[in-house]
1. Mind listing whichever residues of segment 30-56 are at negative phi and modelled with pLDDT under 90?
2. Here is a list of conditions, (1) in a loop (DSSP other than H, G, I, E, B); (2) modelled with pLDDT of 90 or more, and Gln66 meets all of them except one; can you say which number that is?
3. List, please: which pairs have Cβ atoms under 7 Å, are six or more places apart or on different chains, and start with a residue in segment 5-29 that is at negative phi and of a type in the set (Ser, Thr, Tyr) and end with one that is outside any helix (DSSP H, G or I) and at pLDDT below 85?
Amino acid sequence: MGDKSQIQGEGDYDAARKFDDQERAFVEKGGIEKKAREAEQALDGPEGEELERARKETGERGADKQP
């Protein structure tokens, strides 16, 4: 059989590790506050109506799948 680090049955372990590392780095450098401000500005800007419509639409789809 092959190297166990290459197992990808329930997911890609290497990709998950890479995602976790990148997410941790993003949080540690303070990216959350900046992205929150950008999101707030987008909601208050010209694309706000479209973003709100998309949020409601995806929320409704998610609610349909709740037990």
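The values are calculated or read from the model by the stated rules, or taken from the named source; none is laboratory data. What you see is a predicted model; the values in this text were computed from it and never measured. No Cβ is skipped: glycine too gets one built from the backbone with ideal geometry, and neighbour counts run over all protein chains shown.
1. Gly31, Ile32, Glu33, Lys34, Lys35, Arg55
2. Only one criterion is unmet by Gln66, namely (2).
3. Once the first residue is at negative phi and of a type in the set (Ser, Thr, Tyr) and sits in segment 5-29, its partners that are outside any helix (DSSP H, G or I) and at pLDDT below 85 give Tyr13/Ile7.
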